[in-house]
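All of the numbers you see were taken from the coordinates with simple rules; none came from a lab. Every value quoted in this text rests on a predicted model; they were computed, and no experiment measured them. All Cβ positions, even for glycine, are placed from backbone atoms using ideal geometry, and neighbour counts span all protein chains on display.
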Amino acid sequence: MPTRVRSHAKINLGLYIGAPRPDGFHELVTVYQTLEMHDFLTVTARPASQTAIRITSNDTRVPSDSRNTAWKIVELTLQTLEATAEVEMHIEKHLPVQGGLGAGSANAIAALIGLENELRVLKNETPGAPEPALSLSKGLDFETWDSKRLEIAARVGSDVPLFLIGGTVLGLDCGQEVYPLPDIEPTWCVVAIPALGVSTPQAFRDWDTLCAVQELTAEQSTGKLKQLSRAYASAFASGSSGVPSADVNMRENLAGPQESALVRTGIHSWIANDFEQVVFPQHPSLREIKRLLAATGTPEAAIHASLSGSGSALFGLYSTRGAAEAAVARLEQVPDVAASITRTVPRSVYWPEMLV
């Protein structure tokens with residue numbers, strides 16, 4: 001029977017980038033946050049004499065070959081398990097294909113969860129990351145397989161592993177080294193998707209140029225990044241609500257008019273996205289969208305507004321649905337911008353709702 005999986009979006013509550021390293025990559029510190037908005041993946045898999053993968057989608061922009069992150073993770077997982085299978089996946093897109101919301105990366109993890117469920121690699125009897133059945137895992141115990149999953153995810157993309165944790169997640173190194181943070185309360189979120197696109201490679205090249213102008217080296221930025229990672233961990237730990245349940249009524253109440261953990265701890269006053277320094281000068285309209293989302297000094301002001309990843313998506317977090325609706329109304333004055341209201345989703349909700 002096919003397995004249907006939710007594939008949630010993410011935002012970056014903050015993103016700090018180091019100068020380019022000798023290997024060409026960038027060390028960074030970020031806090032990922034999963035959102036309720038999602039795609040759906042339907043996975044059908046059965047053991048076969050040789051592996052065959054097929055992908056379809058309701059969106060013609062989605063690659064249907066080995067360029068697709070879902071394809072990549074299925075192929076790598078089967079190789080790791082020394083298994084072969086016929087795998088069919090249908091990706092029902094609701095998230096933007098490119099926009100800084102991690103849609104492709106989330107699709108990869110949804111494909112992995114679907115594959116595991118189809119081939120009985122993992123049992124799904126309890127909420128949270130489920131325990132493994134060893135029928136296809138060649139004697140791997142739980143801790144070993146859990147580590148292997150993270151390794152496979154990191155090989156597919158730097159922001160793929162976060163979706164194996166969900167909720168509020170600290171990302172280090174190139175973003176693929178992930179640690180669960182205490183979850184913030186579910187908070188209203190407006191996601192703004194402009195029609196224009198932002199090239200992540202170009203954004204990094206522009207960042208490298210800025211670092212050269214400022215004479216900032218990777219060694220000089222390491223200390224700052226380590227300090228920020230400790231500050232993140234400390235701030236989120238002290239501000240956690242410890243959301244214990246996936247109960248719908250509780251989630252509605254938590255997302256109502258209240259003081260967010262982001263406000264209680266003052267995190268919102270210093271988290272930022274370094275990409276804004278290079279993306280906004282190239283795309284001034286994105287700066288204007290952030291201004292409208294923030295609405296600083298008004299009763300409907302955002303708790304926090306920012307570019308997500310390298311963009312082009314932006315988001316605002318709000319203490320009430322009314323404030324979120326007001327943000328959507330403000331964005332109606334900007335042409336070619338789609339705005340959606342959603343909420344942040346904590347880990348205690350993310351996993352129980354993964355399988356549809």
Any idea how far the Cα center of region 1-46 sits from the one of region 183-210, in Å?
12 Å
With no solvent and one equal point scatterer per Cα, compute the Debye intensity ratio I(q)/I(0) for the chain at 0.07, 0.08, 0.09, 0.14 Å⁻¹ and report its log10, rounded to two decimals.
-0.29, -0.38, -0.49, -1.19
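Calculate, in nm to one decimal, what Val263 and Met1 gain on full extension: separation in residues at 0.36 nm each, minus their alpha carbon distance.
That pair, Val263 and Met1, stretches by 89.8 nm at full extension.
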Helix 103-118: angle to the longest alpha-carbon principal axis of the chain, degrees 0 to 90, nearest 10?
30 degrees
With +1 assigned to the C-beta of every Lys and Arg and -1 to the C-beta of every Asp and Glu, and no other charges, what is the dipole magnitude of region 1-86 about the Cα centre in debye, to the nearest 20?
160 debye
Starting from the Cα-Cα distance between Arg291 and Leu210, subtract it from 0.36 nm times their residue separation and give me the gain in nm to one decimal.
26.8 nm
Let me know the whole percent of all Cα-Cα pairs from region 303-356 that are separated by more than 16 Å.
54 percent
Ignoring the sites themselves, what is the longest stretch of the chain with no GluC sites (Glu not before Pro) in a DSSP loop and at most 13 other beta-carbon atoms within 10 Å?
126-214
Tell me, which longest segment in the chain has none of the chymotrypsin sites (Phe, Trp or Tyr not before Pro) that fall in DSSP loops with at most 16 further Cβ atoms within 10 Å?
26-269
Looking at region 3-183 from every direction and averaging, what is the projected area of its Cα convex hull in nm²?
10.6 nm²
Region 1-46: equivalent-ellipsoid semi-axes (sqrt of 5 x gyration tensor eigenvalues, Cα, Å)
34, 16, 5
Lysine pairs meeting the criterion (Cα under 27 Å, 8 or more apart or interchain), as found in the chain
18
